[in-house]
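Let me begin by presenting the structure, written as structure tokens, before commenting on it.
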Amino acid sequence: MRRAALLLVAFTITIAAAQDGDPEVDGKKASEWFSILRNDASPRKRAQAAAALGPLWLKHQHKDALPDLVRSMKVDTSAAVRAQCVRTFGSLPPDTAAVLAKEVSAAFAEEKEAAVRKELAVALSRFPDVAKKAVEPLSGVLKDPDPAAKVAAAEALARAGKDAKDSADDLLPLLDDKEKPVRQAAVFALGRVGPDNPSFVAAALAGRFGREPDVEVRREVVGSLKLLGDKSDAVVAMLAGATADADAETRTGAVRTLGSFGPPAKAAADPLLKSATANPDKALREDALRAFAAVLGPDGLKTRAADVVKVMEADPEFEVRLAAVEELGALGPLAKGDALITGALRARQSDPQVKVRQAAAAAVRRIEKKVEPKEPAKK
């Protein structure tokens with residue numbers, strides 16, 4: 001608690017000391033390291049001193065560690081020293097890094113060296129609170145020729161979340177980057193930055209899926225589309241096609257995303273039913289059946305109850321039969337008087353699996369439950 005309280009104090013160049021004295025790190029006193037960092041002519045020695053600032057704060061909470069770290073990050077003439085300062089910053093705990101957010105963001109905005117900007121992007125991918133204050137310089141790194149820098153910047157923007165919504169326009173061109181890690185990082189970020197125009201971004205992601213040769217990027221597209229929640233016809237059509245993707249994880253993601261969309265994804269009902277009846281994966285058949293019911297909605301499901309009954313009677317796995325029973329039972333009084341539904345559920349009360357028998361009995365009771373008329377409200 002003492003350390004947390006210290007970190008709540010506004011950062012200035014004279015942070016109050018949590019521990020006085022002249023502790024030793026790697027064979028040198030703190031005062032020696034500070035002198036080297038501030039005055040030594042050798043960039044190599046200054047970089048060593050910058051690395052020593054980490055343990056001087058983490059182990060000893062020395063009063064000059066953080067101020068000197070930020071000062072050298074901003075003003076040292078050597079890019080190698082500034083990069084080491086950034087790496088030291090990246091080793092700090094998130095609560096400490098948050099105290100330095102404003103200063104580090106300012107250093108980022110002023111930094112011209114590409115290698116140091118890359119290190120800053122990598123460090124900020126660990127600290128969402130700092131990344132939120134550096135969206136503009138991070139977006140600038142997305143144009144860096146170094147693929148690793150672009151990946152680091154995209155990941156940092158993803159951590160910033162909706163505070164980085166303005167970065168969407170800079171992330172979109174990376175969907176066609178020749179490097180797979182860059183495309184994957186851009187897809188990941190676009191699903192998390194909360195863009196102002198999610199439909200436009202979702203359409204771009206759906207288009208990328210159709211052109212994307214790499215299975216890991218296609219998986220990421222499905223995940224980001226679920227997060228964006230755009231239920232346009234183009235997205236639903238893409239996901240419906242993805243239910244038959246060669247990759248099992250992509251198929252599962254597409255099925256579950258469509259199920260989460262509900263009735264706006266009604267156009268995907270037939271591909272989902274095909275997955276529920278023909279896919280060899282038991283878990284996917286169950287997910288697809290539940291998604292089929294979700295996209296149809298209660299009225300649509302009642303109309304296509306025969307399809308669910310076929311699954312309920314034919315599937316060899318009890319988990320899939322159980323899902324069919326539960327989805328039909330969820331119709332409740334809406335299915336009352338439907339001979340097909342009630343008859344099929346009564347037949348399932350003789351199912352070989354006790355869980356299916358119990359669920360079928362509960363479903364019948366739910367459907368046939370007498371609805372009590374409401375009493376008029378008293379004045």
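Surface composition of region 140-184: carbon and sulfur make up 47 percent of the accessible area, probe 1.4 Å. If you fit an axis through the alpha-carbon atoms of helix 180-190 and take the longest principal axis of the Cα set of the chain, what angle between them do you get, 0 to 90°, nearest 10? So the helix axis and the longest Cα principal axis differ by about 70 degrees.
Compared with the dominant principal axis of the Cα atoms in the chain, helix 354-368 is inclined by about 70°. Name the residue, out of ALA148, ALA50, ALA339, whose mean-square fluctuation peaks in a Gaussian network model built on the chain with Cα pairs under 10 Å. Sorting by GNM fluctuation, first place goes to ALA339. Spin-label pair GLN358-ASP299: with each label point 7 Å from Cα along the Cα-Cβ axis, the two points sit 3.6 nm from one another. Length available on full extension from GLU319 to ASP129: 0.36 nm per residue minus the Cα-Cα distance, which gives 64.0 nm. The structure-derived value of percent of Cα pairs over 35 Å apart appears in the list (i) 44; (ii) 48; (iii) 19 under the label (ii). Averaged over residues, the count of other Cβ atoms within 10 Å places the peptides 150-161, 64-75, 250-261 in the sequence 150-161, 250-261, 64-75, highest first.
Would you be so kind as to identify which of LEU124, ALA314, ALA148 lies farthest towards the positive end of the dipole of the chain, taking Lys and Arg as +1 and Asp and Glu as -1 on Cβ and the Cα centre as origin? Checked the options; the winner is ALA314. What number comes out for accessible area per residue over region 95-179 if the probe is 1.4 Å? Units Å², please. So region 95-179 comes to 44 Å² accessible per residue, rounded to a whole number. Computed extension length for SER31-ALA347: 105.4 nm, one decimal, from 0.36 nm per residue of separation with the Cα-Cα distance subtracted. Descending by average beta-carbon neighbour count within 10 Å, the peptides 308-315, 348-355, 100-107 line up as 100-107, 308-315, 348-355, the highest first.
Here each label is just a point 7 Å from Cα along the line to Cβ, and for ASP40 and ASP146 those points are 2.3 nm apart.
Taking the 1.4 Å solvent-accessible surface of region 228-369 as the whole, the part contributed by carbon and sulfur is 53%.
Only helical DSSP H runs with n ≥ 4 go in: add -39500 (n - 2.57) per run for the chain, normalise by residue count and round the 222 nm mean residue ellipticity to 500 deg cm²/dmol.
That calculation yields -20000 deg cm²/dmol at 222 nm.
What the Cβ-Cβ distance of ALA244 and LYS310 gives, at R0 = 30 Å and to the nearest 0.05, is a FRET efficiency of 0.90.
Averaged per residue, region 228-369 has 44 square angstrom of accessible surface, using a 1.4 angstrom probe with ligands and nucleic acids left out.
A Förster distance of 56 Å, applied to the separation of the beta-carbon atoms of LYS336 and ALA234, puts the FRET efficiency at 0.90. Using a cut-off of 27 Å between Cα atoms, the listed pairs LYS118/LYS231; LYS180/LYS282; LYS45/LYS112; LYS112/LYS165; LYS266/LYS355 include LYS118/LYS231; LYS180/LYS282; LYS266/LYS355 as exceeding that distance. Using only Cα atoms and rounding to the nearest 10 degrees, what angle (0 to 90) does helix 248-261 make with the longest principal axis of the chain? Around 70 degrees separate the two axes. The stretch between PHE200 and ALA106, if pulled fully straight at 0.36 nm per residue, gains 30.6 nm over its current Cα-Cα span.
The values are calculated or read from the model by the stated rules, or taken from the named source; none is laboratory data. Remember, predicted model here, so these are calculated numbers, not experimental data. Here the Cβ is made from the backbone with ideal geometry for all residues, glycine too, and neighbour counts use every protein chain on show. When the accessible area is computed, the model is the full protein with side chains, heavy atoms only, and any ligands, DNA or RNA have been set aside. Shrake-Rupley method; radii C 1.70, N 1.55, O 1.52, S 1.80 Å.
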